[in-house]
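S.K.: My questions will all concern the structure given below.
Read-outs throughout are calculated quantities, based only on the coordinates presented, and are distinct from any laboratory measurement. Everything quoted here is computed from the prediction, not taken from an experiment. Please note: Cβ atoms are built from the backbone with ideal geometry, for glycine as well, and neighbour counts cover all protein chains shown.
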Amino acid sequence: MSTDEAKDATQLLRELVEEKCRQAHRLRKREMTRAEIGEIVGVHAAMVGSWLKLSPRDLKVNRGGRKLEDGRRLTKAQEAHIRKLMTDKAPYQLKLDYALWRRKAVMELIERKAGIRMPIRTVGEYLTRWGFTPQQPVKGTYERPQGDTAMT
């Protein structure tokens with residue numbers, strides 16, 4: 001396999017990469033070169049070199065990037081509490097100056113309940129993650145019919 005044909009190990013599943021890494025260590029014990037190992041394993045010799053620097057006892061491959069819930073501002077408990085408030089109550093029931101749950105209303109709710117000031121865009125990301133979607137209110141809820149001057 002030529003260098004051009006060698007697979008990019010960053011596109012492989014973690015388990016497959018770890019198995020290839022273990023295989024590279026076994027082949028190195030047979031005193032094979034990095035290029036020969038790369039031919040057999042199907043990756044570039046430079047990748048084989050980085051794998052061989054890892055301890056044979058701990059061949060976990062670090063793929064980088066953030067962990068799934070890393071970097072979130074709210075804890076799971078805070079998220080659950082905010083979601084419950086939003087589904088059980090309307091903003092005005094929580095003494096917020098909104099009739100509907102808008103990002104700004106949720107932003108104020110988070111600040112009141114969790115003490116965290118959060119950018120409106122981040123609030124939108126939380127709402128998407130929680131499964132809330134933007135909704136257009138029913139026309140009758142915010143607009144009075146024409147000619148209706150009397151209160152019934």
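S.K.: Quick one: grab the alpha carbon gyration tensor of the range 76-135, order the square roots of its eigenvalues as a ≥ b ≥ c, and give me rounded if a/c is under 1.5, else prolate or oblate depending on whether a/b is larger than b/c. Don't skip to the end; give the middle numbers.
M.R.: Details: a/c = 1.23, a/b = 1.11, b/c = 1.11.
Rounded.
S.K.: Please report, in debye to the nearest 20, how large the charge dipole of the range 9-52 is about its Cα centre when each Lys and Arg carries +1 at its beta carbon and each Asp and Glu carries -1 there. All intermediate terms of the calculation are to be shown ahead of the outcome.
M.R.: Working: 8 positive and 6 negative charges, 31 e Å.
Result for the range 9-52 is approximately 160 debye, rounded to the nearest 20.
S.K.: Quickly work out the Gln135-to-Lys76 label distance, labels modelled 7 Å from Cα along the C-beta direction, and quote it in nm with one decimal.
M.R.: Spacing of the two 7 Å Cα→Cβ label points: 2.8 nm.
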